[in-house]
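I have placed the structure first, in the form of structure tokens, so that the comments after it can refer back to it.
The values are calculated or read from the model by the stated rules, or taken from the named source; none is laboratory data. Fair warning: this is a prediction, and the values are worked out from it, not measured in the lab. So basically every Cβ, Gly included, is an ideal-geometry build from the backbone, and we count neighbours across all protein chains shown. These accessible areas exclude ligands, DNA and RNA; they are computed on the full protein's heavy atoms, side chains included. Shrake-Rupley method; radii C 1.70, N 1.55, O 1.52, S 1.80 Å.
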Amino acid sequence: ATVWIPMYTKMDVLTVPVAALVEEGGKSLISTALDAETGEPAAPVEVETGISDGIRVEILSGLKSGDTIYYSYYDTVELTTDVEQSKYTFG
């Protein structure tokens with residue numbers, strides 16, 4: 001079971017996906033353009049971050065609402081032909 005208990009709530013804040021952040025030299029960076037040759041995120045700007053829920057992070061400075069950001073997101077999926085079986089007993 002998963003339980004979500006809000007410890008702190010803020011309203012009307014700018015947030016971005018955590019995956020958009022790049023940590024480099026103790027700085028948090030977010031790319032604001034794409035490299036024309038490689039298609040990779042480019043033109044990083046330094047941002048100050050606030051609270052995060054692990055999925056999204058608050059941006060305190062460095063970006064404003066309406067700015068476009070670019071990032072690469074990779075997810076790993078394991079393909080298998082194995083059948084997983086589980087038995088649950090309730091009561």
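Close contacts from segment 34-59, counting a first residue that is on the phi > 0 side of the Ramachandran plot and a second that is modelled with pLDDT of 90 or more, with Cβ to Cβ under 8 Å and a gap of 6+ residues or different chains, come to ALA43/SER31; ALA43/THR32; ALA43/ALA33; GLY54/VAL18.
Residues checked against (1) of a type in the set (Ser, Thr, Tyr); (2) at pLDDT 95 or above; (3) out of contact with any helix residue (DSSP H, G or I) (no Cβ under 7 Å at 6 or more places or on another chain):
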{"site": "ALA36", "(1), (2), (3)": "no, no, yes"}
{"site": "ARG56", "(1), (2), (3)": "no, no, no"}
{"site": "TYR74", "(1), (2), (3)": "yes, no, yes"}
{"site": "LEU79", "(1), (2), (3)": "no, no, yes"}
{"site": "LYS87", "(1), (2), (3)": "no, no, yes"}
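Screening TYR74 with (1) assigned to a strand (DSSP E or B); (2) open to solvent by 60 Å² or more (accessible area, probe 1.4 Å) gives one miss only, at (1). Restricting segment 1-24 to residues that are at pLDDT 90 or above and either assigned to a helix (DSSP H, G or I) or open to solvent by 80 Å² or more (accessible area, probe 1.4 Å) (or both), which is nearest to GLU58 (Cα to Cα)? If we take residues in segment 1-24 being at pLDDT 90 or above and either assigned to a helix (DSSP H, G or I) or open to solvent by 80 Å² or more (accessible area, probe 1.4 Å) (or both), then VAL18 is nearest to GLU58 (Cα to Cα).
Inclusion of THR32 among residues that are open to solvent by 40 Å² or more (accessible area, probe 1.4 Å), polar (S, T, N, Q), in a loop (DSSP other than H, G, I, E, B) and over 24 Å from TRP4 (Cα atoms) is not warranted.
Considering every residue within segment 36-58, establish whether at least one is part of a helix (DSSP H, G or I) and open to solvent by less than 100 Å² (accessible area, probe 1.4 Å). Scanning segment 36-58, I find no residue that is part of a helix (DSSP H, G or I) and open to solvent by less than 100 Å² (accessible area, probe 1.4 Å), so the answer is no.
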